[in-house]
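Everything on this sheet refers to the single structure shown next.
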Amino acid sequence: MRKLSFFVLFLMTMVVASCDRCKDNPQEFQPTPYTLDIPSSLPAMSIPSTNPLTVEGIALGRKLFYDPILSGNNTQSCSSCHIQSTGFSEPYQHSTGIDGIQGTRNAMPLINLGYQPNFFWDGGAADIESQALGPVTNPIEMHETWQNAVIELRNHPDYPALFKQAFGIDQITSQYVVRAIAQFERTLISGNSKYDRYVQGLESLTDQEMLGLQIFTDPMKGDCNHCHVLGSTFSDFEYRNTGLDSIPVDEGRFRITWNNADKGKFKTPSLRNIEVTGPYMHDGRFMTLLECVEHYNSGFHYAPNLDANLYTAVKGRMSIEEMEAVVAFMKTLTDHEFLNNPKFGAP
Amino acid sequence: MNKNFLKAFSLIALSAILWGCRDKETETPTPVNPKINLVFSHKVGDQEIVQGQFYSRSQGESFSFDMLKYYVSQAALVNTAGDTLYFTGHNLMDAFNANRKKASGSIDLDNAQMSTFNELIFGIGVSPEFNTSGDQAGDLDPAFGMIWTWSTGYIFMKHEGQFIDSTGATQPLLYHLGTSRAYQRYSMPINIQLKNDKTYDIHVDFNFAEVYNSPNLITFTDNNVIQSSGSQDIPWISSMVQNLQNAFSVSSIQVK
């Protein structure tokens, strides 16, 4: 009888132990944590705890970024309009979607995104993960449904295993697609320009570039520094009406907040790699940097929501030499290592 | 005789031990928390909605439903002591999908001072803390198409169909309710005593005769396509939020 009880006890222990084992299943999901290599010119980046960076997640995001599988007819990927050599923007005023329809805003560069509080020119997307949802479904962009995109990925020969390695999941969902893309995008860090090396004492600026730096920060001249804060990300990521039109064609930030004070306001873009990310402004209206500087010098319009700094600025306060110097300075923000980094290219 | 006695004794003893073991398990059964199913019926007045059928209203208009989807969020029962016990998260409901007509959960009565509940509360839409990212799973998976992608946030309710105006012309009807302004929790009286090990089907009527009529009259002829996409839609959103309060009622409760 005692033997029997021991036997039963033994059996029960076995059952409990085997249950515990099947719960853990540690062999399958062991992604490699990835630590960002952040240059001294930039601050630490906060990574959401829900989507920690891993080698497998970043590699998967990179593959998805370059894969046309996410578009309606499998002809366009994120990289179609976000091209590395032009700072992950496109050298056209407006981008063309899979149905041949053009949008009304300029494709934004993808640089140092992990420092931005929100995304799109009007800040409509609340995080990088949510941002990636938009272009896939927009009828004038990739014109796909997430339902279809996920089915295609589930039926793909490689993706199910790659998602399993990166996230430990058995079934691909849109949530993990955008998480992977966001992981890759957070690695797109640019902080090794000529200006950064100048700050580190490794390189010197020309006289013209030095004059440009001075004008850039002079509140009575360029005053660029006010919004494109010198150093770090070269933007405060606030929303402003910069007087592009007296009556804004595109209502900008207003479209998101429905607050009248936000009419015609757009996000201050970073100036890093600005030399290669043209055309400029939210609608890509300016082809050259000199046109942009001239806009702030004398071209701006007195719109109702015009930023106070511009409202009080004297028109024509910069000479052509000074404006050209500002442009020369802006070109020191080009980071060739970033633009040519093979880790960011097509896998 | 002796052998047989031993055999019999062993058998009885073994049975007793096994029975004892079983008894021990059944003696202190773990009570199962009461399960609650909020079961929605979609109606225009007394009629259950049929896809594609037209329903007339007093303004000389009639309207139909091709699609009716909405989120029911964070449903709770409130007892007479004022304890609020939540039993669901976010559930996507679909009037024309038999598997998406109820929101279910359970309540742990240990957390309640009393088990008689007199108020049912739930939100229509996605609560603010879940409405700020599309990086979500389950019924909030963006693949359900209930999310705006140009401005992060969920579509709380989609009613798509047609309407016939007073001149007899048929036009599309497309109402998408959403944005933080549209999130509201709706309260209704109920009388229910919960007990462990029971399942309660709370049947809730969602009446579209009220949704577009009371207290705010919404006529389709004025505005047949509204997607909560700009400040011009604020009056409509406010009207909808008010009207929805009158659109829900508990019709019956089944205990199983």
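Criterion first (touching a residue at least 12 places away in the same chain (Cβ under 8 Å) and under 30 Å from residue B:85 (Cβ atoms)) does residue B:194 satisfy it? Yes: the conditions hold for residue B:194. The residue that is surrounded by the fewest Cβ atoms within 10 Å (Cβ to Cβ), counting only those in region A:292-337 that are in contact with a helix residue (DSSP H, G or I) (Cβ under 9 Å, 6 or more places away or on another chain) and aromatic (Phe, Trp, Tyr), is A:302.
For region B:134-154, the tally of residues that are small (Gly, Ala, Ser), at the interface with chain A (Cβ under 7 Å from one of its Cβ atoms) and crowded, with 23+ Cβ neighbours inside 10 Å stands at 1.
For region B:44-57, a residue qualifies if it is surrounded by fewer than 20 Cβ atoms within 10 Å (Cβ to Cβ), in contact (Cβ under 8 Å) with a residue 12 or more places away in the chain and either in a strand (DSSP E or B) or among the hydroxyl-bearing types (Ser, Thr, Tyr) (or both), and exactly one does: B:55.
Of all residues in region A:119-137, those satisfying the criterion of being more than 13 Å from the chain's Cα centre (by Cα) and either away from every other protein chain (no Cβ under 11 Å) or among the hydrophobic types (A, V, I, L, M, F, W, C) (or both) are A:133, A:136.
As a summary of the residue check, residue A:116 satisfies the conditions (1) more than 9 Å from chain B (Cβ to nearest Cβ); (2) crowded, with 21+ Cβ neighbours inside 10 Å; (3) among the polar types (S, T, N, Q) except for the one numbered (2). Among residues of region B:238-256 that are free of Cβ contacts under 8 Å to residues at least 40 places away in the same chain and in the same structural domain as residue B:119 (by TED's automatic domain parsing), those with a Cβ under 7 angstrom from a residue that is part of a helix (DSSP H, G or I) and buried (at least 19 other Cβ atoms within 10 Å of the Cβ), sequence gap 6+ or separate chain, pair up as B:243/B:210; B:243/B:211; B:246/B:210. For region A:90-112, indicate whether the set of residues that are within 24 Å of residue A:54 (Cβ to Cβ), at the interface with another protein chain (Cβ under 9 Å from one of its Cβ atoms), touching a helix residue (DSSP H, G or I) at 6+ places or on another chain (Cβ under 9 Å) and crowded, with 23+ Cβ neighbours inside 10 Å is non-empty. So far as region A:90-112 goes, no, none of its residues is within 24 Å of residue A:54 (Cβ to Cβ), at the interface with another protein chain (Cβ under 9 Å from one of its Cβ atoms), touching a helix residue (DSSP H, G or I) at 6+ places or on another chain (Cβ under 9 Å) and crowded, with 23+ Cβ neighbours inside 10 Å. Restricting region A:271-285 to residues that are assigned to a loop (DSSP other than H, G, I, E, B) and closer than 19 Å to residue A:340 by Cα, which is nearest to the other protein chains (Cβ to nearest Cβ)? Top of the filtered list is A:277. Figure legend. Inter-residue proximity from region A:226-249: first residues under 25 Å from residue A:110 (Cβ atoms), second residues small (Gly, Ala, Ser) and at pLDDT below 95, beta-carbon distance below 7 Å, spacing 6+ or different chains. Indicated pairs: A:241/A:303.
If only residues of region A:54-77 that are more than 14 Å from chain B (Cβ to nearest Cβ) and under 16 Å from the mean Cα position of the chain (by Cα) are counted, the one that is nearest to residue A:98 (Cα to Cα) is A:77.
Scanning region A:230-253 for residues that are touching a Ser or Thr at 6+ places or on another chain (Cβ under 8 Å) and crowded, with 21+ Cβ neighbours inside 10 Å yields A:233, A:234, A:239, A:240. Selection of first residues in region B:77-103 that are surrounded by fewer than 19 Cβ atoms within 10 Å (Cβ to Cβ) and of second residues that are of a type in the set (S, T, N, Q) and not in a strand (DSSP E or B), restricted to Cβ pairs under 8 Å at least 6 apart or on distinct chains, gives the following pairs, ordered by first then second residue: B:81/B:113; B:83/B:111; B:83/B:113; B:96/B:51. With respect to (1) in contact with a Phe, Trp or Tyr (Cβ under 7 Å, 6 or more places away or on another chain); (2) in a loop (DSSP other than H, G, I, E, B); (3) in the same structural domain as residue A:260 (by TED's automatic domain parsing), the lone exception for residue A:221 is condition (1).
Restricting attention to region A:160-209, the residues that are more than 14 Å from chain B (Cβ to nearest Cβ), part of a helix (DSSP H, G or I) and touching a residue at least 40 places away in the same chain (Cβ under 8 Å) total 12. Among the residues of region B:120-133, those identified as buried (at least 20 other Cβ atoms within 10 Å of the Cβ) and within 12 Å of chain A (Cβ to nearest Cβ) are B:131, B:133.
The values are calculated or read from the model by the stated rules, or taken from the named source; none is laboratory data. As the structure is a computational prediction, the values presented were derived from the model and not from experiment. FYI the Cβ positions are ideal-geometry reconstructions off the backbone, even for glycines, and counts take in every protein chain you see.
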